[in-house]
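*Asks:* This is the structure I have questions about; it appears just below.
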Amino acid sequence: MDLRNLGLFRVMTDKMAWHNQRQEILARNVANADTPEYRPHDIVPFDFKRELRQAKGLPLSGQKPGHLSVSMDGDAYREGKTRTSYETAPAGNAVVLEEQMMLVGRNAADYQTLLNIYRKQVGMLRTAIGRSGTQ
Amino acid sequence: MSTDLMKSLAISASGMKAQGTRLRIISENLANANSTAPSPGDLPYRRKVVLFQNALDRELGLDTVQVKKIDVDRSDFQRRYDPGHPSADADGYVLMPNVSTLVESMDMREAQRSYEANLNVIESTRQMIMRTVDLLRN
């Protein structure tokens, strides 16, 4: 059984992918904290409603070789440079380490929350199957 | 599963490498803060500076940070009156390196701070990976 067929699991894995991508962007910002003319990047916020609507939609089945395959996942989220920043160094670098570290911390915490929800859901499925769920 | 997380680790590692190079150059500058010229006509040690750039790592497909080039500081040398010095000129002045210990130690602090920030990102990413792997436990 593919857990991604279930709406909630689908949204959760999408959100995890979003957090993964955000972690990469934040790591890049911190690594470039002293690069001249570098502006910090960020990712578009995760829109829960939109994702839920997408998760409910039926995907194309694509049973024959000639059918187009539409991949519903694997699309990277859009990212761009942040417009405003607390301060810009004389060399044109606008990365503020404090801001970035706060975002990194929040990202890790949200990811952890998501993992716990995921675990709970799997536990509920286990209970439904009849084996004793561990949690 | 965690290709993006592995990418973050690679990016942070590149940042730490760049800051490490910077720290090495700072220590070269500090060590040579009193390296005068060997003879009156020569020039003393010239301060070096590190230039960073945001570079695309083609192998990993990532924007990492690299040391673009290690250049020299073109500012003027200091002059110190010391007629007995072997490399003093006719007027008794010796050219000293254009290294300022104060600037270097401030630069060192900044490099250290950036290095620690990268280290924290690595730690946070590592925790995210480990906790994802922990999902397998139950």
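The values are calculated or read from the model by the stated rules, or taken from the named source; none is laboratory data. None of these values were measured; they are calculated from a predicted model. For neighbour counting, all protein chains shown are included, and Cβ atoms are generated from backbone atoms with ideal geometry for every residue, glycine included.
*Asks:* Taking the residues in segment A:76-101 that are outside any loop (DSSP other than H, G, I, E, B) and exposed (fewer than 12 other Cβ atoms within 10 Å of the Cβ) as candidates, determine which candidate is nearest to the other protein chains (Cβ to nearest Cβ).
*Replies:* Going through segment A:76-101, the residues outside any loop (DSSP other than H, G, I, E, B) turn out to be A:79-81, A:97-101.
With the extra rule that they be exposed (fewer than 12 other Cβ atoms within 10 Å of the Cβ), the set shrinks to A:80-81, A:98.
Details: A:80: 14, A:81: 12, A:98: 9 Å.
Checking each candidate, the answer is A:98.
*Asks:* Filter segment B:88-97 down to residues that are crowded, with 16+ Cβ neighbours inside 10 Å, part of a loop (DSSP other than H, G, I, E, B) and either at pLDDT below 90 or β-branched (Val, Ile, Thr) (or both), then give me how many there are.
*Replies:* 1
*Asks:* So which residues in segment B:39-87 are basic (Lys, Arg) and part of a strand (DSSP E or B)? Explain how you work it out, then say what you get.
*Replies:* Step one: filter segment B:39-87 for residues basic (Lys, Arg), giving B:46-48, B:58, B:68-69, B:74, B:79-80.
If the condition is that a residue be basic (Lys, Arg) and part of a strand (DSSP E or B), then B:48, B:68, B:69, B:79, B:80 are the ones that fit.
*Asks:* Kindly indicate whether any position in segment B:26-42 is at the interface with another protein chain (Cβ under 8 Å from one of its Cβ atoms), more than 27 Å from residue A:18 (Cα to Cα) and surrounded by 16 or more Cβ atoms within 10 Å (Cβ to Cβ).
*Replies:* Let us first name the residues in segment B:26-42 that are at the interface with another protein chain (Cβ under 8 Å from one of its Cβ atoms), namely none.
Looking through segment B:26-42, none of the residues is at the interface with another protein chain (Cβ under 8 Å from one of its Cβ atoms), more than 27 Å from residue A:18 (Cα to Cα) and surrounded by 16 or more Cβ atoms within 10 Å (Cβ to Cβ).
*Asks:* Inside segment A:102-124, can you point out the residues that are surrounded by fewer than 16 Cβ atoms within 10 Å (Cβ to Cβ) and either touching a Cys at 6+ places or on another chain (Cβ under 6 Å) or touching a residue at least 60 places away in the same chain (Cβ under 8 Å) (or both)?
*Replies:* The initial filter retains those residues of segment A:102-124 that are surrounded by fewer than 16 Cβ atoms within 10 Å (Cβ to Cβ), namely A:102, A:105-106, A:109, A:112-113, A:116-117, A:120-121, A:123-124.
Listed by number, the residues that qualify are A:117, A:121.
*Asks:* Oh, and also: Out of everything in segment B:98-138 that is acidic (Asp, Glu) and over 25 Å from residue B:28 (Cα atoms), what residue ends up being modelled with the lowest pLDDT?
*Replies:* Selected residue: B:134.
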